[in-house]
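This report concerns only the one structure given below.
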Amino acid sequence: MPPIADSILIILLLTNFFILGTASLRAAIRVIALQGILLALLPLFVETHLTFRLVAIVAMTAGIKGLAIPSFLFKAIRDVHIHHEIEPYLGYIPSLFLCAVGTAGALLFADQLPLAIDHRSSLFVPAALATLLAGFLVLTTRRKAISQVAGYLMLENGIYVFGLLLYQSMLVEVGVLLDLVVGIFVMGIVLNHIQREFSSLDTEKLSSLRE
Amino acid sequence: MSALLYATGALLFVMSGVAALLPGRPALRLTPLFMVLGAITGLASCALGMTGAARTLALPWLIPGGALTITVDALSAFFATPVFLLAGAGAVFAERYWPLDRRSARHVRAFFGVLTGALVTVLAAANTILFLAAWEVVTIAAFFLVATEHENQASRQSAWLYLAASHVAMLALFAVIGLLHASTESWAFEALPAGIAALPTGRAIFALALFGFGIKSGLMPFHVWLPGAHAAAPAHVSAVMSGVVVKMGIYGFIRVISLFDTVPVAFGTTLLVLGIISSVLGVALALAQHDLKRLLAYHTIENIGIIVSGLGVGLLARAHGASWIAALAFAGALLHVWNHGLFKALLFLSAGSVIHATHTREIDRTGGLARRMPHTALAFLIGAVAICGLPPLNGFVSELLIYLASIGGVNAAGADWSWLLVFGVAPALALTGALALACFVKAFGAIFLGLPRSERAAHANESPVAMRVAMVPLALACAAIGLAPTLLAPILERVTRDAAPGLTSAGLAHMLNGAQSVSIATVVAVAIAFAIVSILASRRSSAPTWDCGYATAAPRAQYTASSLAQSIASVFSWAMPPDVHSPRKLPLFPEKASFGSHVPDPVLDRALLPAIRHAMRLATLARWAQGGRVQFYLVSIGLTLVVLLVWSAL
């Protein structure tokens, strides 16, 4: 693995902390978009041959993760006028602390795993595990539907990193497919929340989700 | 040839169902035609299958482990014969019973075609996956047919109960098939390795088969779904459900038993005991019913009990080496499968004819219909005589074989087990027969004799020709099997050998010959008695019956069906206590008061439903976990995952 891939993964780990530590939803989404673009670029440093298909996949992933989903979320924020996560179930400092513990745990745990030789020295597995954990933390400690979506996206990013591990570009495509699934999932959650709250799908009513 | 014909018959049934869904009337008119053609083709294939060699038809199928393989052997053909006959008769009956302008006419025809097509597929499936899949289609189609009158809450409840019970049974059958696969490494029905019956796998197969096929066949105490479902479905569907759908359970028992080289004594004894309980309590409960179709439904449980106790006798005798007793018992049970299918279908169709004319299933709202509907009355009478096991009709022949087998236990060597046959089966059968007779005296008397008890009954008209024609082949078959059972001897011998390999069935023809003589003697005796009575009657002047001093015989002064049965039903009140609503204390000047009694099902209403209510109450304790917070759910999922990971790592 080239060192540049590892640097990207380290940035990914740091952005996890940022998302968990910020109260601003806008900032969180921006960072998630950044995560998405970074992860989309990752296959370029993993694959040895630059093919048209690879470039197409990278472009598509970046487009969906870096642009489409974030812009969708920004629009949702504008529509409902929610800008801050207020009163999470778990405070910012404790969640940052848990994330640190989780990341350290992931690094230690990955050392114990019987991995293939190629993957042993790289950061892929611990980064994937740590991102999964961070996403799970966001999901479980935040109140707002939009924070939940952010949590799901982080979870998915973790899965995507795992997907890259699995040899050959076929599986990168699977990663993209998962993205699409998440895209649909995101909408599903939003719709689900609206429906549960108001028993209608009228997005107008999202505004009363404000507290 | 026989397999191809068989498949064509099944396909025609399904096509008839599909034709019912096509837009426009012409296609709808094709449905009975397809059904009748399918029935004729199928019957021809069964005749070939029962006399010739087993034939297989295999088509490719994409399901893993599955194969579209049907094998028409003697056993399959034997069980499929009544299906084809009843399906054809039922379709003709339905043309007028559920006419095209009636609500859900398409629904009834479509699911009837699918149901019968799937039924014959179950019977011939040589692949276990196909067997399960076809049976599942049977269940779903029957569910929709039971729910035909879904605007009626009772129908909906019966349908759901049927679906739930069937799927519980299905679960057990999946396990049975899984265990069979584990033992034979094949998805076909193949003989199991010798000696497996004594191993835990073999025992598990027997226990699960008893549970699964027990529910499917409506054996007590697994019968909870049966009375409601039979009562709610349209009459021709009830005829098929009672006549052949519950027989799938019997077929399942026999098919699974035939895969073992030995069957443990405990299994035979269990079947025997459950069979006796079903037959006696089934008929006792039937006696207490005042809904005509519910009454017939409980008689189904009774007859399943007779069949299963025949199987039990056969297994027990075979396990102890009394081969000829076993052959007689198996032949009796198998023949009763046919007979019950025939006379029960005849009874359900004639009940349908009564319901068609009077718009009620309540026996106490009918009366005096023999005058207005003579053909229906005759059909019902033939069915009633047959179901009571009286000569000269078919019920007598099969019950006689089971009687002879159980009495044969006296002569069996090493007879430490034969007391069960002699003192268990024969008296139980006798009791069942007597109670059935009482029950049909009540039913026939209340419905067809006396005076009409309601306006509708007073103005009832005989049913259209198509409905009456549909009953003719059934009645003829009942009479033919009763009067000439020896014709069936070769078929019965062959099927018995298939069902229980290694039996000598040499005595069978002899016994059937005896039954035939009794039947013919009965016909002669009845004819002579009839002649004498009519000669005497022509000499005597007629006078009205003594009316006990009541000037006019009012319809309300008649015995009701419940009052006629009350004295016998009260003997069984230990097993089925009635719910009685009567005025406690009458004041000096009595006001309007009412009396009602109704006998709830001892298993469903007294045990299962209260148990379910308690379970639901306990289950509400788990509601605390459903707080409505996504975060809480996620944490629980996460914790479960961690616990599982740790657990599997340890």
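Read-outs: derived from the displayed coordinates by stated rules, not from any lab. What you see is a predicted model; the values in this text were computed from it and never measured. So basically every Cβ, Gly included, is an ideal-geometry build from the backbone, and we count neighbours across all protein chains shown.
Here is how the numbers come out for the structure above:
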item: Over the protein assembly as shown, volume per residue of the alpha carbon convex hull, in Å³; result: 248
item: Gained length - A:Arg143 relative to A:Leu54, 0.36 nm times residue gap less alpha-carbon distance; result: 28.2 nm
item: Inter-centroid distance (Cα atoms) of segment B:557-574 relative to segment B:26-94, Å; result: 43
item: Distance between segment B:335-399 and segment B:185-210 - C-alpha centres, whole angstrom; result: 40
item: J(HN,Hα) series, segment B:485-493, from Karplus relation 6.51 cos²θ - 1.76 cosθ + 1.60, nearest Hz, glycine and proline x; result: x, 5, 4, 8, 3, x, 5, 4, 4
item: Segment B:Ile528-B:Ala593, extension gain: residue separation times 0.36 nm, minus the distance between their alpha carbons; result: 18.4 nm
item: B:Phe589, B:Phe595, B:Phe253, A:Phe45 arranged by Cβ crowding within 10 Å, fewest neighbours leading; result: B:Phe589, B:Phe595, A:Phe45, B:Phe253
item: Ranked packing of B:228-237, B:563-572, B:443-452, most packed first, by mean Cβ within 10 Å; result: B:228-237, B:443-452, B:563-572
item: Calculated FRET value between A:Ser24 and B:Ala619, using beta carbons and R₀ = 51 Å, to 0.05; result: 0.70
item: Those lysines that a straight Cα-Cα span of less than 26 Å connects to B:Lys247, excepting residues fewer than 8 apart in one chain; result: B:Lys216, B:Lys293, B:Lys344
item: Pairwise label distance in nanometres, B:Leu259 with B:Ala430, each label 7 Å out on the Cα-Cβ vector; result: 4.0
item: Global form of chain B, assessed from the alpha-carbon gyration tensor, a/c cut-off 1.5; result: rounded
item: In Å, descending, principal axis extents of the Cα set of segment B:328-484; result: 63, 28, 19
item: Residues whose placed amide H lies under 5 Å from that of B:Thr69, excluding near-sequence neighbours; result: B:Leu59, B:Ala126, B:Asn127
item: Spatial separation of Cα centroids for segment B:421-454 and segment B:277-297, in angstrom; result: 10
item: Exposure proxy ranking, count of Cβ atoms within 10 Å, fewest first, for B:Tyr97, A:Tyr160, B:Tyr550, B:Tyr298; result: B:Tyr550, B:Tyr97, A:Tyr160, B:Tyr298
item: Sites B:Ala484 and B:Leu378, calculated FRET efficiency, Cβ-Cβ separation with R0 30 Å, nearest 0.05; result: 0.90
item: Average beta-carbon neighbours from other chains, 10 Å sphere, peptide B:637-647; result: 1
item: For B:Ser597, residues with placed amide H under 5 Å, excluding near neighbours; result: B:His581
item: Overall Cα dimensions of segment B:107-230 - principal axes, largest extent first, Å; result: 52, 29, 15
item: Segment B:373-378 - phi-based ³J(HN,Hα) in whole Hz, Karplus 6.51/-1.76/1.60, Gly and Pro as x; result: 10, x, 5, 4, 4, 5
item: Approximate spin-label separation A:Ser7-B:Trp574, in nm, with each point projected 7 Å along Cα-to-Cβ; result: 9.2
item: Which of B:Asp73, B:Asp605 has the fewest Cβ neighbours within 10 Å, and the rest in rising order; result: B:Asp605, B:Asp73
item: Global size of segment B:604-649 as Cα Rg and Dmax, reported in angstrom; result: 16.6, 48
item: Calculated FRET value between B:Gln566 and B:Glu190, using beta carbons and R₀ = 60 Å, to 0.05; result: 0.65
